[in-house]
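Following: one structure in structure tokens, then a few remarks.
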Amino acid sequence: LSTSLRNNRAAVLAATAALLLLTGVALAFYWVPNAPIEGFRQRIFYIHVPVALTAYACFGWAAWKALRLLSTRDARYDLESYTAVHMGVIFGILTLVTGSIWARTSWGVWWSWGERQLVLFLILFLFYSAYFMLRYSTEPGPRRANMSAVYALFGVVLIPVSFLAIRLAEGLIHPVVFDRDVGSNLATSQLVTVIVCFGGTLALAAALYTNELLGKRLDAQLRELREALT
Amino acid sequence: MTYLSDVAALARKDLLLELRSRDTVPAMLLFVVSTLVVFNFSLPADSRDLAAYGLLWVALVFTALLGLLRAFMAEREQRVLDGLVLTPADRSAIWLGKCLAVLVFLLLAEVVALPAFHLFFEPVDATVVAAVLLANVGLAAVGTLLAAMAAASRARELLLPLLFLPLVIPIVVGGVGASIDDEPARYLGFLVLYDLIFAILSWASFEYVVTE
């Protein structure tokens, strides 16, 4: 019974995600007015920014689970932290892709080192890819769980430090040519659309997370059973 | 007081080992000088003055990486770490001792690297030296923790650069900024901030990396 309840939770989350994302995209296309300079194509903002925020949320969630693991030494937090990092990396890649498309449509280049968010996500992508390397090359067990947790905690500290570093480097290595400070003066319609889309991506991440965790737990149980049989 | 004497004993052990075997420091010295020579041929003649400072920082980070690759070699081969964890000493003392040893190796490499850079490329002023000294703390602190992680994995030498480089990008930013900007104070301040944050974090979390 508990398994079917958990299954339902993933389904409810997935339905919420679909509903919110469809509403968000509809709002972004039909309700929000065209941006003054960039025009219609600026609407990728309503996917790009929520996806980026969701990636941060996933990394934060992973660090929280890592902290719980280190304080309680309960092995289940290891799997939860790992799954959260996994989701964070997926949304991080999506951020890089959507950001790259946005850069292409508005400035004609696929990559700009002047774009803070993109550079930060590139660093985070490299950092969290190494997390997978660390996990895959270490024997499973409490020590691997501890190391992964410590690494996940480093990640969440690295985010603000890297952001500060990128801001410092910006004025230095390449002058700021493009200003995309949309966040400072959002109209109500824009704000509502961003919030709806953010809710959608967050629900999507939660649905994927629940589903993935369920699969991984089943996998672990199956392996235990198989070992018990042989 | 016992904590500090533990740290001193552990750092002394590493330095004594290096003094007798001469495994790491000569390799770091040779590496950093050959890197600078390679840079001489990879820089176009008219881009020298500013670009050279950036390459100095690349050379320093990779030299630190080379030293860190060997930091836990003896511990792993002789299974010393298990013994150290069993002693009544605080686990973070192991980190601090190793960190100090790495710091000394780095300083020795820089005693050669900075004059060589001054001779081959651009002048090294007090600001650059200050930035290098500050960066050393961060490199040694983060590097020691990650080296302990990498030593516990199967991939070892392969894993450490992957873990290390994304984490030290802020050090490179701070270091390069302090070297070439007219107002280096905020870059030096940033390096201090980085050192504080990551030294405390590494110090506090080392215990979890070496225990189960």
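The values are calculated or read from the model by the stated rules, or taken from the named source; none is laboratory data. The shown structure was predicted, so the numbers you read here are calculated from the model rather than taken from an experiment. Every residue, glycine among them, receives a Cβ derived from its backbone with ideal geometry; neighbour counts consider all protein chains shown.
May I ask you to say which residue of B:Leu107, B:Leu103, B:Leu133, B:Leu145 is within 11 Å of chain A (Cβ to nearest Cβ) and either buried (at least 23 other Cβ atoms within 10 Å of the Cβ) or assigned to a helix (DSSP H, G or I) (or both)? Before you say what the answer is, go through the steps one by one.
Details: B:Leu107 fails: within 11 Å of chain A (Cβ to nearest Cβ); B:Leu103 fails: within 11 Å of chain A (Cβ to nearest Cβ); B:Leu133 fails: within 11 Å of chain A (Cβ to nearest Cβ).
Only one candidate passes the filter, namely B:Leu145.
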I'm checking my understanding of the structure. Among residues of region B:192-209 that are facing chain A (nearest Cβ under 8 Å) and more than 22 Å from B:Ala130 (Cα to Cα), which one is surrounded by the most Cβ atoms within 10 Å (Cβ to Cβ)?
B:Val209
Can you tell me which residue among B:Gly174, B:Gly189 is buried (at least 17 other Cβ atoms within 10 Å of the Cβ) and part of a helix (DSSP H, G or I)?
B:Gly174
From the list B:Leu4, B:Leu10, B:Leu15, which residue is touching a Leu at 6+ places or on another chain (Cβ under 8 Å) and farther than 30 Å from B:Val173 by Cα?
B:Leu10
Quick one: would you say B:Ala93 is at negative phi, in a helix (DSSP H, G or I) and buried (at least 21 other Cβ atoms within 10 Å of the Cβ)?
yes
Is it the case, given these coordinates, that A:Ala169 is modelled with pLDDT under 90, under 22 Å from B:Tyr194 (Cβ atoms) and within 7 Å of another protein chain (Cβ to nearest Cβ)?
yes
Of the residues B:Asp6, B:Asp82, B:Asp46, which single one is part of a helix (DSSP H, G or I), acidic (Asp, Glu) and modelled with pLDDT of 85 or more?
B:Asp6
Set B:Pro166, B:Pro161: member being surrounded by fewer than 24 Cβ atoms within 10 Å (Cβ to Cβ), touching a residue at least 24 places away in the same chain (Cβ under 8 Å), within 11 Å of chain A (Cβ to nearest Cβ) and in a helix (DSSP H, G or I):
B:Pro161
Check whether at least one residue in region B:191-212 is over 20 Å from B:Leu146 (Cα atoms) and in contact with a Gly (Cβ under 8 Å, 6 or more places away or on another chain), and report yes or no.
no
Would you confirm whether any residue within region B:41-52 is more than 22 Å from B:Pro123 (Cβ to Cβ) and surrounded by 19 or more Cβ atoms within 10 Å (Cβ to Cβ)?
no
Taking the options A:Ala26, A:Ala18, A:Ala14, A:Ala62, name whichever one is crowded, with 16+ Cβ neighbours inside 10 Å and either under 23 Å from A:Thr193 (Cα atoms) or of a type outside the set (Gly, Ala, Ser) (or both).
A:Ala14
